[in-house]
1. Can you tell which of LYS88, LYS84, LYS66 is part of a helix (DSSP H, G or I) and either within 21 Å of GLU7 (Cα to Cα) or in contact with a strand residue (DSSP E or B) (Cβ under 6 Å, 6 or more places away or on another chain) (or both)?
2. Of everything in region 51-83 that's farther than 17 Å from LYS9 by Cβ and touching a Leu at 6+ places or on another chain (Cβ under 7 Å), which residue is surrounded by the most Cβ atoms within 10 Å (Cβ to Cβ)?
3. Only one of ILE50, ILE103 is outside any loop (DSSP other than H, G, I, E, B), in contact (Cβ under 8 Å) with a residue 60 or more places away in the chain and within 13 Å of the chain's Cα centre (by Cα). Can you tell me which?
4. Exactly one condition in (1) aliphatic (A, V, I, L, M); (2) surrounded by 14 or more Cβ atoms within 10 Å (Cβ to Cβ); (3) assigned to a helix (DSSP H, G or I) is not met by ILE3; state its number.
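Readers should treat all values here as calculations from the given coordinates under stated rules, not as data from a laboratory. Quick caveat: nothing in here was measured; it's all calculated off a predicted structure. Here the Cβ is made from the backbone with ideal geometry for all residues, glycine too, and neighbour counts use every protein chain on show.
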Amino acid sequence: MHIKTDEMKLARLFIYLPMARKVLEKDLTKVNAAGFKFSEPYTEMIEGCIERIGKEIYKVKRDMNKTGLKVYENGKESSGMFTKYLVKCRGYEQELSILNEVIKNSVRDIIHNYMIND
């Protein structure tokens, strides 16, 4: 037996959600600096997404603690196209190599879902 599918899903959320929050925090800074006539709707929407993602990160970390799941970044491959992670759970280890473009698209999809599903 190896690391289960739902545990790998949890590991991926652990990787993607903090990235999504960081992107939104940078975007919030840019919106605040842009000088929009009515910036409040934009800032409130982004702040709401950041808050909901923060709550989701808390739940993911709680679930990881329950199952003993740990994720470590192992660096980038020499080509720079992949980022490697080491996933440990229940005594098993599995290397996870994710194409950077997949990471980017996954983070974009998470942000999109949080913005659309208010």
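1. Values: LYS88 fails: part of a helix (DSSP H, G or I); LYS84 fails: part of a helix (DSSP H, G or I).
The match here is LYS66.
2. The qualifying residue surrounded by the most Cβ atoms within 10 Å (Cβ to Cβ) is PHE82.
3. ILE103 is the lone residue from the list that is outside any loop (DSSP other than H, G, I, E, B), in contact (Cβ under 8 Å) with a residue 60 or more places away in the chain and within 13 Å of the chain's Cα centre (by Cα).
4. The one condition ILE3 does not meet is (3).
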